[in-house]
Structures are given as C-alpha cells and as structure tokens.
1. Nearest 500 deg cm²/dmol is fine: what mean residue ellipticity at 222 nm does the chain get from its DSSP H runs of n ≥ 4 alone, each adding -39,500 (n - 2.57), divided by its residue count?
2. Which residue, Phe73, Tyr39, Met149, has the largest displacement toward the positive end of the dipole of the chain when charges sit on each Cβ (Lys, Arg +1; Asp, Glu -1)?
3. Angle between the Cα long axis of helix 127-152 and the longest principal axis of the chain, 0 to 90 degrees, nearest 10?
4. With contacts defined as alpha carbon pairs under 8 Å and 6 or more residues apart, what's the relative contact order of the chain in percent?
5. Counting only heavy atoms of the protein chains, get the accessible area per residue of the chain (1.4 Å probe) and round it to a whole Å² value.
6. Nearest 20 debye, what's the magnitude of the dipole of the range 53-109 about its Cα centre given +1 on Lys and Arg Cβ and -1 on Asp and Glu Cβ?
7. Given the pairs Lys127/Lys148; Lys3/Lys58; Lys58/Lys92; Lys58/Lys148, which span a C-alpha to C-alpha distance of over 29 angstrom in this model?
8. Given that just one value was derived from the coordinates, which of [x] 2, 8, 13, 17, 16, 14, 10, 6, 4, 3, 2, 2, 1, 1, 0, 0; [y] 2, 9, 16, 19, 17, 11, 6, 4, 4, 4, 3, 3, 2, 1, 1, 0, 0; [z] 2, 9, 13, 11, 8, 6, 5, 5, 6, 7, 7, 6, 5, 4, 3, 2, 1, 1, 0, 0 is P(r) over Cα pairs in 5 Å bins from 0, in percent?
Amino acid sequence: MNKLNLYKILQFGTVGCIGIVIDLGITWICREQLHLNSYIASSVGFTAAVLNNYVLNKYWTFDEKGKLSLKQFLGFLFVSIGGLILNTLCVKFVHETVEINFYFSKIFAIGVVVPWNFIVNNIFIFKKKQDYNLSLAKNIECQKIENKMSKKD
C-alpha cells in the first residue's frame, strides 16, 4: 500500500468519525428534543450523516473537482445502505450465533464494513472519474510530446 492510499484511508476514517457524531447528534435531537419516533430519528440522523460523508469524501478524501452529482450521490447512498445492511447482518450473526457481547459484535461489524465501504467507493463511486481524468491528461501530454517530436523531424 502506498502513502497516498494510506492517507485516503485515514481521511475516509476521519469522515466516518464525523459522520458518526452527526448521526448520533441529529438522532438525539430528533428523538429527545423533538420527540420523534426512535426509528424515524435514527433514519434522519443516518441520512444527514450520509449527505455529509458524501460531500466530505467527494471533495476531501477523493479530491474530486466539480459540482455535486445526483447520480454519484445515489451510488454513494446505495453503498452506504449496503454497508448498513452488512453491518446489521454482521452484528446479528456474531452476537446471536457466535454469542459475543453486542458491542463487541458491533466493533467487529465496523471492522468489516469500513474497509468494504472504502473499497467499493474507491473503485466504483469516486475512482472512475479520477482515472478517466488522469488518463485524459496523460493522453493530452503524450500528444503534445508527439507533436513536438514530429515538428523536429
């Protein structure tokens, strides 16, 4: 693993931690202060965290330029919901089948889901555009070099 990927993983983790604070904070406000149903409050918190995480990951972790994209956000949301499902399944399996404490099961699930989310987002949600732009820039640079070389001949 190179330093750039390690830095990206650390950034992704930092964004995730910020997302946890947002999720828990908004869930608490909705549940305790606004007296919303616990599951509705949790859904609002999760949604706010996903919106925040998408923006921070797009511009900071994956260093993308340009406008926010609904298509890209929906892909990010899909990955996030997939991670939520994977997290729930891991917790259920480890807690109920392996009979490990619920919170240790949750920690195990986080250890499974975070790398999965990073890899899927890196490959499918944010990577393609970066690779395309990098490839395009390399092609343009190569054409410039070829043009200079052909002018010398």
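1. -26000 deg cm²/dmol
2. It is Met149.
3. So the helix axis and the longest Cα principal axis differ by about 10 degrees.
4. Over the chain, the number comes to 19 percent.
5. Here the per-residue accessible area is 71 Å².
6. So the magnitude is around 320 debye.
7. Lys127/Lys148; Lys58/Lys92; Lys58/Lys148
8. Answer label, from the structure shown: [x].
The values are calculated or read from the model by the stated rules, or taken from the named source; none is laboratory data. Given the structure is predicted, the values throughout are model-derived calculations rather than measurements. Cβ sites come from the backbone with ideal geometry, for glycine too, and all protein chains shown count toward neighbours. SASA here: full protein model, heavy atoms, side chains in, ligands and nucleic acids out. Shrake-Rupley method; radii C 1.70, N 1.55, O 1.52, S 1.80 Å.
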